[in-house]
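Shown next, in structure tokens, is the structure this report addresses.
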2 protein chains.
Amino acid sequence: MPSAVILLADGTEEMEFTITYDTLVRAGVACCSAFVPAGGNGSEKQEYATGSRGIRIMYDKVFEEGQFPPASYDALVIPGGAKGAEIMSTNTAVQSLVRDFLAQDKIVGMICAGSLTALSAKLARQPLTSHPSVKAQLDNDFDYSEAPVVISNKLVTSRGPGTTFPFALTLVELLCGADKRAEVRAPMVFPPDTPF
Amino acid sequence: MPSAVILLADGTEEMEFTITYDTLVRAGVACCSAFVPAGGNGSEKQEYATGSRGIRIMYDKVFEEGQFPPASYDALVIPGGAKGAEIMSTNTAVQSLVRDFLAQDKIVGMICAGSLTALSAKLARQPLTSHPSVKAQLDNDFDYSEAPVVISNKLVTSRGPGTTFPFALTLVELLCGADKRAEVRAPMVFPPDTPF
């Protein structure tokens with residue numbers, strides 16, 4: 001069974017988190033949400049993250065350095081939401097983990113403002129997208145694209161809540177194959193002519 | 001500021017709950033999540049609902065009879081998820097509240113298996129949709145449609161996770177107008193040619 005770590009912080013866009021986690025679970029991926037505290041490392045007393053629109057989501061684990069070795073997981077996902085993405089992208093342990101996952105040929109997904117972590121982790125110039133609101137911070141250092149989902153080797157980036165379904169289905173396809181993507185997609189009942 | 005009550009239970013489809021709540025908050029709608037306990041009425045000790053794919057969401061209030069008078073709210077939303085929708089649709093206080101909201105010309109939204117509440121609340125025959133998996137339970141008593149979103153006076157029904165964005169944006173339009181719908185939709189960055 002493939003497995004994924006999905007980061008969560010105060011200010012995370014709760015649709016981007018929830019759609020990704022839920023869609024991966026539907027595909028049989030073992031998901032673990034990891035709460036990144038605002039103050040860097042350290043044990044956090046609260047048991048939940050408050051999303052960008054106020055939904056409080058309980059996390060599975062607190063993110064701590066060394067707790068999520070790439071050898072034990074198949075994917076790492078960094079959702080958006082301006083404040084949540086700021087917490088994640090400025091966390092040096094998160095930056096290291098992104099580099100470690102990619103170095104070990106594991107998938108890293110970033111969506112919306114989560115793509116800022118590609119910059120803070122100093123990833124090499126490559127194709128990438130993000131929420132339009134942070135494009136100006138990224139387009140000097142990456143080959144910026146406005147495609148809904150951009151795959152660059154094992155780095156998968158996407159734009160916002162409206163592209164989270166195709167982002168999550170792309171992760172399913174990379175982790176579990178095209179047949180599983182189709183199997184997961186059908187009972188979600190997308191409107192006719194949905195372009196993904 | 002318009003206001004909405006969004007029901008939540010163990011087994012609720014967390015994407016349907018989260019997309020609706022978040023999108024309404026983006027439109028400036030005051031949202032309250034109300035936890036419907038599995039055993040009917042009564043105070044529940046746990047502070048969260050466990051969604052259909054394992055995401056634990058903390059609720060704002062426990063649903064109790066008389067706590068959400070239609071005079072104080074503009075919309076009531078019943079999400080899907082088979083087990084969550086069963087809890088809600090078989091709760092007699094929920095059934096009464098659905099009738100009361102519609103009788104007072106307030107919006108009632110039902111999505112996915114949440115549409116079973118239209119049957120248990122004994123609503124009159126009218127156009128309606130649902131998740132395909134519960135169509136057979138509904139199509140004798142309603143004018144069943146396979147449109148992504150069906151508006152029948154103040155009853156708005158929809159199909160599944162894949163139709164939750166157009167469902168939520170329809171609620172925004174009905175509560176806040178077409179301009180607000182467009183304003184909320186733009187920064188979500190749907191892929192080009194998305195049909196809603």
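The values are calculated or read from the model by the stated rules, or taken from the named source; none is laboratory data. All of these numbers come straight from a predicted model, not from anything done at the bench. Note that each Cβ is placed from the backbone with ideal geometry, even for glycine, and that neighbours are counted across all protein chains shown. Accessible surface is based on the protein model in full, side chains and every heavy atom, while ligands, DNA and RNA are left aside. Shrake-Rupley method; radii C 1.70, N 1.55, O 1.52, S 1.80 Å.
Tell me the total accessible area that A and B bury against each other, 1.4 angstrom probe, in square angstrom rounded to 100.
Looking at A and B, the buried total is near 3200 Å².
Put the label 7 Å from Cα along Cα→Cβ for residue A:122; what are its distances to the other copies, in nanometres, shortest first?
7.1
Can you give the Kirkwood hydrodynamic radius for the stretch A:99-165, in Å, rounded to one decimal and based on Cα pairs?
Hydrodynamic radius (Kirkwood, Cα pairs) of the stretch A:99-165 is 11.6 Å.
One decimal, nm, shortest first: give the distances between the label point of residue A:153 and those of the same position in the other copies, each label point 7 Å from Cα along Cα→Cβ.
Reported distances to equivalent positions: 6.1 nm.
Can you pull the Kirkwood radius for the stretch B:15-121, inverse mean 1/r over Cα pairs, to one decimal in Å?
Across the stretch B:15-121, the inverse of the average 1/r is 14.0 Å.
Just to confirm my numbers, what's the Cα centroid distance between the stretch A:37-110 and the stretch B:38-114 in Å?
Between the Cα centres of the stretch A:37-110 and the stretch B:38-114 lies a distance of 32 Å.
Hey, any idea what % of the protein assembly as shown's accessible area is carbon plus sulfur with a 1.4 Å probe? Please report the intermediate quantities before stating the final value.
Values: 6960 of 14540 Å².
Whole-percent figure for carbon plus sulfur exposure: 48.
Using 23 Å as the Cα-Cα cut-off, could you pick out the over-long pairs in B:83/B:122; B:154/B:180; A:61/A:154; A:61/A:106; A:83/B:106; A:122/A:180?
The answer is A:61/A:154; A:83/B:106; A:122/A:180.
Points 7 angstrom from Cα along the Cβ direction at residue B:46 and residue B:179: gap in nanometres?
4.5
Averaged across the residues of B:161-170, what count of C-beta atoms belonging to other chains lies within 10 Å of each residue's C-beta?
Numbers: counts 10, 9, 5, 5, 9, 3, 0, 1, 0, 0.
Counting other chains' Cβ atoms within 10 Å and averaging over B:161-170 gives 4.
Could you compute the net charge surrounding residue B:95? Neighbours are other residues with a C-beta less than 15 Å from the C-beta of residue B:95; K and R count +1, D and E count -1.
Residues close to residue B:95 contribute a combined charge of -3.
Identify, for chain B, the residue whose C-beta comes nearest the rotation axis onto chain A, and round that distance to whole Å.
B:18, 2
List the distances, in nm and shortest first, from the label point of residue B:186 to the matching label points in every other copy, placing each point 7 Å from Cα along the Cα-to-Cβ direction.
In nanometres, ordered from closest: 4.0.
Can you work out D for the stretch A:3-188 in µm² s⁻¹ from Stokes-Einstein, where Rh is the Kirkwood radius over C-alpha pairs, the temperature is 4 °C and the viscosity is 1.567 mPa s?
In µm²/s, the coefficient is 81.
Rg to Rh for the protein assembly as shown: what is it, with Cα atoms only and Rh by Kirkwood? Spell out each step's value before the answer.
Numbers: Rg = 20.4 Å, Rh = 21.0 Å.
So for the protein assembly as shown, dividing Rg by the Kirkwood Rh gives 0.97.
Per residue of chain A, what 222 nm ellipticity follows from adding -39500 (n - 2.57) for every DSSP H run with n ≥ 4, rounded to the nearest 500?
Computed ellipticity for chain A at 222 nm equals -9000 deg cm²/dmol.
Whole number in Å², please: accessible area per residue of the stretch B:3-188, 1.4 Å probe, ligands, DNA and RNA not counted.
That works out to 36 Å² for each residue.
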